[in-house]
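Here is the structure we will look at, set down as structure tokens.
The values are calculated or read from the model by the stated rules, or taken from the named source; none is laboratory data. Note that the coordinates shown come from a computational prediction; the quantities given were computed from them, not determined experimentally. Virtual Cβ from ideal backbone geometry, glycine too; neighbours counted across all protein chains shown.
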Amino acid sequence: MQHIALLRGINVGGNNQVSMAELKVCFEQAGFTNVSTYINSGNVIFDSKLKSEASMVMKIEKGIEDTFGFSVRVVVRSASNIRKVAKAIPDSWTNDKAQKSDVLFLWDDYDSKQSLKLIEARDGVDTLIYVDGAILWNVPRKEYGKSGMNKFIGTELYKNMTARNINTVHKLASLVAA
């Protein structure tokens, strides 16, 4: 079954540097098949015979620590979940000069509509939508200074998710199209 691993905090600001070619080999050595990566931010598409995403996460996180010498948190989502998340993104949302639109992929302990309450969203500025496994977040760029995103870094929820912009999510969904 096809899955996507989303690694948190690699290749950001010169920290936790990971070559995508080496990451691909790391996944293959862990027993995953049909492994490919998409861009340098830690998106890995792979097949697994394991049924449990939690088991996959444990195997991936251990492999990364053994291979690269540091720990990285990982969230694993099925191809169908990634497609569902991408489909839930409103057609009017963009990630460009006019809008900032991100998907926050949630760790299991925070995967609930209740997590929306952990974000200090500003009425008329932030638009948040919960979809299974993620929160979709849109902000007009001209309103970014007023956005709750500015107070989000360092919060409990921030530490328990990994973000991708909607362009990346749409591309990942197309790469795992049914």
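Okay, here's what the table says:
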| quantity | calculated |
| --- | --- |
| Helices (runs of 4 or more DSSP H) within region 1-109 that include 1 or more residues in the same structural domain as Thr155 (by TED's automatic domain parsing) and under 30 Å from Gly145 (Cα atoms) | 79-88 |
| Residue within region 40-62 that is among the hydroxyl-bearing types (Ser, Thr, Tyr), out of contact with any Asp or Glu (no Cβ under 7 Å at 6 or more places or on another chain) and crowded, with 19+ Cβ neighbours inside 10 Å present | yes |
| Qualifying residues in region 84-93 (those that are within 24 Å of Ile45 (Cβ to Cβ) and more than 13 Å from the chain's Cα centre (by Cα)) - the one surrounded by the fewest Cβ atoms within 10 Å (Cβ to Cβ) | Lys87 |
| Condition broken by Asp109, with the remaining ones in (1) touching a strand residue (DSSP E or B) at 6+ places or on another chain (Cβ under 9 Å); (2) closer than 18 Å to Tyr130 by Cα; (3) not hydrophobic (A, V, I, L, M, F, W, C) satisfied | (1) |
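Yes/no per residue for (1) assigned to a loop (DSSP other than H, G, I, E, B); (2) in the same structural domain as Arg8 (by TED's automatic domain parsing); (3) among the polar types (S, T, N, Q):
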{"residue": "Leu128", "(1), (2), (3)": "no, no, no"}
{"residue": "Leu136", "(1), (2), (3)": "no, no, no"}
{"residue": "Val139", "(1), (2), (3)": "no, no, no"}
{"residue": "Tyr144", "(1), (2), (3)": "no, no, no"}
{"residue": "Met149", "(1), (2), (3)": "no, no, no"}
{"residue": "Gly154", "(1), (2), (3)": "yes, no, no"}
{"residue": "Lys159", "(1), (2), (3)": "no, no, no"}
{"residue": "Thr162", "(1), (2), (3)": "no, no, yes"}
{"residue": "Lys171", "(1), (2), (3)": "no, no, no"}
